[in-house]
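The values are calculated or read from the model by the stated rules, or taken from the named source; none is laboratory data. Just so we're clear, the structure is a prediction, and the values are computed from it rather than from any experiment. For neighbour counting, all protein chains shown are included, and Cβ atoms are generated from backbone atoms with ideal geometry for every residue, glycine included. Accessible surface is based on the protein model in full, side chains and every heavy atom, while ligands, DNA and RNA are left aside. Shrake-Rupley method; radii C 1.70, N 1.55, O 1.52, S 1.80 Å.
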Amino acid sequence: MDFKIKSYSKGELAQLYSPNLTENAARAKLMKWIDMQPALVEQLRALGFTRNSKVLTPLMVRYIVEAIGEPYGSPMASNIQRFKHSKIQKLSD
């Protein structure tokens, strides 16, 4: 897929990563993924990003996509799903 790097609202980008969630839930999930990447957090902060930022500049979006992958089947989403599945498996054993 050829994801378009442009300015997005945080909610809009979050819903591209998690289309089956509400905007609020998707935004919270995206923020967790960002928080799991300390280097990404520092890059975004250097550009003026805060937890209250509503709009992501194209450069912010580029950094996010480089760190967690493109929406629609991003590696981060796949890794988190595998982790959750393995944790559930361990609990049921």
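Numbers at a glance
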item	result
First in the range 28-49 and on the phi > 0 side of the Ramachandran plot, second anywhere and open to solvent by 20 Å² or more (accessible area, probe 1.4 Å), Cβ under 9 Å, 6 or more apart	Gly48/Thr57
Count of the range 40-67 residues which are within 20 Å of Lys4 (Cα to Cα), among the β-branched types (Val, Ile, Thr) and open to solvent by less than 70 Å² (accessible area, probe 1.4 Å)	4
The range 15-32: number of residues that are assigned to a loop (DSSP other than H, G, I, E, B) and surrounded by 11 or more Cβ atoms within 10 Å (Cβ to Cβ)	3
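Conditions (1) under 13 Å from the mean Cα position of the chain (by Cα); (2) outside any helix (DSSP H, G or I), marked per residue:
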{"position": "Ile5", "(1), (2)": "no, yes"}
{"position": "Leu13", "(1), (2)": "yes, no"}
{"position": "Ile34", "(1), (2)": "yes, no"}
{"position": "Arg45", "(1), (2)": "no, no"}
